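Structure record follows, encoded as structure tokens.
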Amino acid sequence: LIVCEFFIVEKNSYKRKFFAEEISFCDEYDCIVESSYDYVIDSCGAKGVFSECLKYCEGGGTVVQLANPSKEVLIDAKDISTMMRKEIKVQGTWNSSYRPDNKGVCDWQHAITMVSQNIVNIEGLISHRTSLKECPHLMKQIFQRKSNIGEDSLDKLEEYNKAIVDIGS
């Protein structure tokens with residue numbers, strides 16, 4: 001029996017409601033312990049996050065780079081030293097069928113199959129659904145929220161997690 005404990009660090013605390021109760025959720029790094037996690041996943045690609053992943057990954061652990069890194073992301077000598085000292089593995093994932101070890105295997109397609117067969121249910125993570133026609137309006141609203149980060153008006157703006165655009169509408 002493998003026991004897993006999950007921690008989500010997300011700056012937008014309103015997103016807590018999108019995760020199951022048994023998942024620990026915090027909006028600051030101070031709720032998690034340095035060098036204590038087997039797997040640390042970067043799912044946003046923002047500047048500084050990769051360094052934080054290395055910081056919280058235990059020796060011999062794995063950092064999974066799930067998100068495309070922003071253009072401002074740099075891996076500096078300190079990060080490389082941390083990877084070497086802690087013997088951290090870095091694993092990338094991509095939404096393509098490229099696998100150098102086995103070109104016939106495609107993990108992301110397996111993940112899509114699991115979602116489509118309801119083995120994994122992501123419904124609770126979807127905050128908005130829209131048609132292709134209404135997509136520009138939704139994008140404008142999401143951008144408005146992102147561009148107002150840190151301002152008091154954030155409380156008045158709509159909360160977003162994941163959106164689905166129905167291209168058949």
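The values are calculated or read from the model by the stated rules, or taken from the named source; none is laboratory data. Here the structure is a predicted model, which is why all the values come from computation and not from measurement. Keep in mind that these areas ignore ligands, DNA and RNA; they rest on the heavy atoms of the full protein, side chains included. Shrake-Rupley method; radii C 1.70, N 1.55, O 1.52, S 1.80 Å.
Residues whose amide H lies under 5 Å from that of V64, counting only those 5 or more places away or on a different chain, are V40, I41, D42, Q91; hydrogens are built 1.01 Å from N in the peptide plane.
Percent antiparallel among DSSP beta bridges with both residues in the range 1-99, to the nearest 5? That works out to approximately 0 percent antiparallel.
Based on every Cα atom in the range 1-68, Rg and the maximum pairwise Cα distance Dmax equal 12.0, 37 Å. Note on K140: lysines with a C-alpha under 28 Å away, same-chain residues under 8 apart excluded, are K11, K15, K17, K47, K71, K156, K162. In the assembled protein chains, E28 presents an accessible area of approximately 110 Å² (probe radius 1.4 Å). In the complete set of protein chains, residue-level accessible area for E134 is approximately 80 Å², probe 1.4 angstrom. Rounded to the nearest 10 square angstrom, C4 shows an accessible area of 90 square angstrom against a 1.4 Å probe. Computed over protein heavy atoms with a 1.4 Å probe, the accessible surface of the range 1-53 works out to 72 Å² per residue.
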